[in-house]
1. Could you list all residues from segment 34-65 that are under 15 Å from the mean Cα position of the chain (by Cα) and over 14 Å from I24 (Cα atoms)?
2. So which residues in segment 16-33 are aromatic (F, W, Y) and either under 18 Å from N53 (Cβ atoms) or within 11 Å of the chain's Cα centre (by Cα) (or both), if there are any at all?
3. Consider K62 carefully, then state whether it is at pLDDT below 75, part of a helix (DSSP H, G or I) and of a type in the set (K, R).
4. If you scan segment 23-50, which residues turn out to be of a type in the set (A, V, I, L, M), assigned to a helix (DSSP H, G or I) and either in contact with a strand residue (DSSP E or B) (Cβ under 9 Å, 6 or more places away or on another chain) or surrounded by 12 or more Cβ atoms within 10 Å (Cβ to Cβ) (or both)?
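The values are calculated or read from the model by the stated rules, or taken from the named source; none is laboratory data. Everything numeric in this text was worked out from a predicted model, so none of it was measured. Backbone-built Cβ (ideal geometry, glycine too); neighbour counts: all protein chains shown.
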Amino acid sequence: MLQQKGKRIYGHSMSVVEPVFANIGSNKRLNRFSLRGKAKVQSQWQLHCLIHNIEKLNNYGKMAA
């Protein structure tokens, strides 16, 4: 029973969150931050997330139109 619930949770996390981190880490080659300080690192991370979301809108927006 618990094993089946764990498989469902794990399967859902693979389809929702982890591909985003894989894309940013592997395809965008963000394996370390080039800035120092919490505010600057947060800004750099948000910029990479913004780029990821714009690419998704570009790719999937064409499908909806």
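1. Q42, L57
2. Within segment 16-33, F21 is the sole residue that qualifies.
3. yes
4. Residues satisfying the conditions are I24, V41.
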